[in-house]
Amino acid sequence: MNVTFIQISLSLPSMTNPQLVTERSQVVTACRQLANNRMVIGTAGNVSVRAGQFIAITTSGARLADITIDQITVLDLDGAVVEGQFAPTSELQLHLDIYRQLHTGAVVHTHAPMSTALGCVLDELPVVHYQQLLLGGPTKVAPFHPFGTTELAEAVSAALNGTNAALMANHGAVTHGQTLEQAVEYSLLLEWACTLYRDASALGRPRPLSDDQQAAVIDTAIRLRYGQSQHISEESE
């Protein structure tokens, strides 16, 4: 008796897809980096990265310090689960709305201590150091709404418009970037800026950079290729 085997290709990706495995591993690495820098504690905070029409995101109840790849769920941009055994974070709507509105590559949400503290007292974090320009300028504070709600997602997306970071009133902080590494770096930079503002406030009234001063910094950074590795031969060009 002859038996014919027919291989059927499914349209949905599986966990054997190298791209999805890579993205999920990146989320694990990012979570542990944030935990090591005391940006998240316990199950508070969530991280996601986009891979085409799909996102890999942390799951509800996962401890970010020791999260595993099995605790990263893959969804489409409508929020439907594609792969994974566990329900995604309760802040899924927040992540999805940012992807839809800003067309970005990765989202990081933390309850970092100083970012959270300033979100309890400020309406906007002014630019007091030129490094904050990497975040897009002043950091707005999105009004308070309960976690996991459409209202919170929309408020944060609006606060992020044109920038890479936002504070969340009486809640935490959100950053986004074209890569997950970039989003994490922005999160660390935001926490540093918040700490700087607090420390300056303890000494006196912080002196924000004016629009002209910010523009001058941007022009200088472009001219000097600030932050970019250069060969010595390039410096004379």
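Table for the structure above
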| quantity | calculated |
| --- | --- |
| Relative exposure of TYR99, TYR226, TYR130, judged by other C-beta atoms within 10 Å (fewest first) | TYR226, TYR130, TYR99 |
| C-alpha long axis of helix 180-203 to longest principal axis of the chain, angle in ° | 30 degrees |
| Candidates GLY119, GLY136, GLY177: whichever shows maximal mean-square fluctuation once the chain is modelled as a Gaussian network with Cα springs under 10 Å | GLY136 |
| Beta bridges per DSSP with both ends in the chain, % antiparallel, nearest 5 | 95 percent |
| Quotient of Cα Rg and 2.2 N^0.38 Å for segment 145-237, N being how many residues it contains | 1.41 |
| Whole-angstrom gap from segment 48-67 to segment 155-195, using each part's C-alpha centre | 17 Å |
| In degrees, nearest ten, helix 92-102 long axis to first principal axis of the chain (Cα) | 70 degrees |
| Which of CYS194, CYS120, CYS31 has the fewest Cβ neighbours within 10 Å, and the rest in rising order | CYS120, CYS194, CYS31 |
| GNM top mover of GLN33, GLN178, GLN213 - the chain, alpha-carbon springs below 10 Å | GLN213 |
| Cβ-based exposure ranking for ARG38, ARG198, ARG205, ARG50, in which fewest neighbours within 10 Å come first | ARG205, ARG38, ARG198, ARG50 |
| On Cα atoms only, tilt of 211-224 relative to the major axis of the chain in degrees | 60 degrees |
| Computed label-point distance, nm, for sites ASP78 and ILE41 using a 7 Å Cα→Cβ extension | 4.1 nm |
| Fluctuation leader among GLU151, GLU23, GLU191 - the chain, Gaussian network, Cα springs under 10 angstrom | GLU151 |
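The numbers here are math on the coordinates, done by the rules we state, and not lab data. This structure is a prediction, so every number in the text was calculated from the model and none was measured. Glycine also receives a Cβ, built like all others from the backbone with ideal geometry; neighbour counts cover every protein chain displayed.
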